[in-house]
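The values are calculated or read from the model by the stated rules, or taken from the named source; none is laboratory data. Just so we're clear, the structure is a prediction, and the values are computed from it rather than from any experiment. Glycine also receives a Cβ, built like all others from the backbone with ideal geometry; neighbour counts cover every protein chain displayed. Ligands, DNA and RNA are stripped out before the accessible areas are found, and what is left, the full protein with its side chains, is counted by its heavy atoms. Shrake-Rupley method; radii C 1.70, N 1.55, O 1.52, S 1.80 Å.
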Amino acid sequence: MRLHRLDITAFGPFGGSQTVDFDELSAAGLFLLHGPTGAGKTSVLDAVCYALYGSVPGARQSGQGTALRSDHAGPGARTEIRLELTVAERRLEITRQPPWERPKKRGTGTTLDKAQSWLREYDAAAGAWKDLSRSHQEIGEEITQLLGMSREQFCQVV
């Protein structure tokens, strides 16, 4: 598996949008996630895990995923993780949005939007992304099969 790009919005400590370009980081070989306590190192790994499997390790996955939302995010910012990777010679893009309470479009208060997931594959011949699935379960099964490991095994390895 090779990670290419990770886009994080309103997730964990990241109130806004952040991008990690793994291609740029790995251009010189290996790279190290380094920083002081609270800098977001674990959150970057949680975001990768969430994109792949739709959940994060252990106690950080409390409730229905609403705990993944950043306390620093604006009320109208949707939590979203997008991961572009190559696995088994396939270029894939996984986008996941956990459930979130957003402001109502009319009136006051909030409403709960359901979780959403997308899996796309890059078709080099057509030069475009092709939609594969919007089913949370199908995407999880596809990723588990391609990686050859469950979320628990992935978390132990990483």
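Some observations on this one:
- Among the conditions (1) at pLDDT 95 or above; (2) more than 16 Å from the chain's Cα centre (by Cα), LEU112 misses just one, which is (1).
- Residue match in the range 92-108 (condition: in a loop (DSSP other than H, G, I, E, B) and under 19 Å from the mean Cα position of the chain (by Cα)): yes
- Matching option when the condition is among the small types (Gly, Ala, Ser), in contact with a Gly (Cβ under 9 Å, 6 or more places away or on another chain) and open to solvent by 40 Å² or more (accessible area, probe 1.4 Å), among ALA115, ALA77, ALA125, ALA67: ALA115
- Cβ-Cβ under 8 Å pairs, at least 6 apart or on other chains, the range 24-48 side free of Cβ contacts under 8 Å to residues at least 60 places away in the same chain and of a type in the set (D, E, K, R), far side part of a loop (DSSP other than H, G, I, E, B) and surrounded by 10 or more Cβ atoms within 10 Å (Cβ to Cβ): LYS41/LEU33; LYS41/GLY35; ASP46/GLY12; ASP46/VAL56; ASP46/PRO57
- Test: GLY107 is closer than 24 Å to ALA10 by Cβ, of a type in the set (Gly, Ala, Ser) and surrounded by 15 or more Cβ atoms within 10 Å (Cβ to Cβ): no
- Count - residues of the range 36-58 that are more than 8 Å from the chain's Cα centre (by Cα) and over 16 Å from GLN156 (Cβ atoms): 8
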